[in-house]
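Visitor: The structure that follows is given in the form of structure tokens.
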Amino acid sequence: MSELTEDLAGLVDAVVRPLINVEEDLEITADETDDGAVLVEIRVNEEDAGKVIGRQGRVIKAIRTLARAAASRSGMPVEVELID
């Protein structure tokens, strides 16, 4: 795993952790896909999923925007997904 991938996982963790109540269920994985993008997957407790998504998806959109902005210098595309 590259340094950028680890940094993106840490960034997403730092944003999501304060939003949730059940921190033990938080799991964030980041891997590079075959097409050269970084895929960051967020797994949270069912009760916390709504908090991560936010009203009309605003919170998850903001998390995606932050991750893309952090990776913009490298030119590597980033996908952030909330896994049910």
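Visitor: Output the residues belonging to the range 1-28 that are open to solvent by 50 Å² or more (accessible area, probe 1.4 Å) and assigned to a helix (DSSP H, G or I). Step through it out loud before you land on a result.
Guide: Residues of the range 1-28 open to solvent by 50 Å² or more (accessible area, probe 1.4 Å): 1, 3, 6-7, 11, 14, 17-19, 21, 23-25, 27.
Correct list: Glu3, Glu6, Asp7, Leu11, Ala14, Arg17, Pro18, Leu19, Glu23, Glu24, Asp25.
Visitor: Tell me the residue from Arg55, Arg64 that is open to solvent by 60 Å² or more (accessible area, probe 1.4 Å) and either small (Gly, Ala, Ser) or within 10 Å of the chain's Cα centre (by Cα) (or both), please. First the steps, then the outcome.
Guide: On the way: Arg55 fails: either small (Gly, Ala, Ser) or within 10 Å of the chain's Cα centre (by Cα) (or both).
Going through Arg55, Arg64 in turn, the sole match is Arg64.
Visitor: A further question on this structure: Keeping to the range 30-52, report how many residues are open to solvent by 40 Å² or more (accessible area, probe 1.4 Å) and β-branched (Val, Ile, Thr). Steps first, please.
Guide: Step one: filter the range 30-52 for residues open to solvent by 40 Å² or more (accessible area, probe 1.4 Å), giving 31-35, 39, 41, 43, 46-47, 50-51.
Pick out the ones that are also β-branched (Val, Ile, Thr) and you get 33.
Of the residues in that region, 1 qualify.
Visitor: Follow-up question, since we're still on this one. Between a first residue in the range 13-39 that is under 19 Å from Lys61 (Cβ atoms) and a second residue that is part of a helix (DSSP H, G or I) and among the hydroxyl-bearing types (Ser, Thr, Tyr), which pairs have beta carbons less than 7 Å apart while being 6 or more apart in sequence or on different chains?
Guide: Ala30/Thr5; Val38/Thr5
Visitor: Please count how many residues of the range 67-84 are under 19 Å from Leu26 (Cα atoms), at pLDDT 95 or above and of a type outside the set (D, E, K, R). Spell out the reasoning first.
Guide: Applying the first criterion (under 19 Å from Leu26 (Cα atoms)) to the range 67-84 yields 67, 79-84.
When the remaining residues are screened for being at pLDDT 95 or above, the result is 67, 79-82.
Still in the running and of a type outside the set (D, E, K, R): 67, 80, 82.
Summing the residues that are under 19 Å from Leu26 (Cα atoms), at pLDDT 95 or above and of a type outside the set (D, E, K, R) in the range 67-84 gives 3.
The values are calculated or read from the model by the stated rules, or taken from the named source; none is laboratory data. Here the structure is a predicted model, which is why all the values come from computation and not from measurement. Note that each Cβ is placed from the backbone with ideal geometry, even for glycine, and that neighbours are counted across all protein chains shown. What goes into the accessible areas is simple: the full protein's heavy atoms, side chains included, and nothing from ligands, DNA or RNA. Shrake-Rupley method; radii C 1.70, N 1.55, O 1.52, S 1.80 Å.
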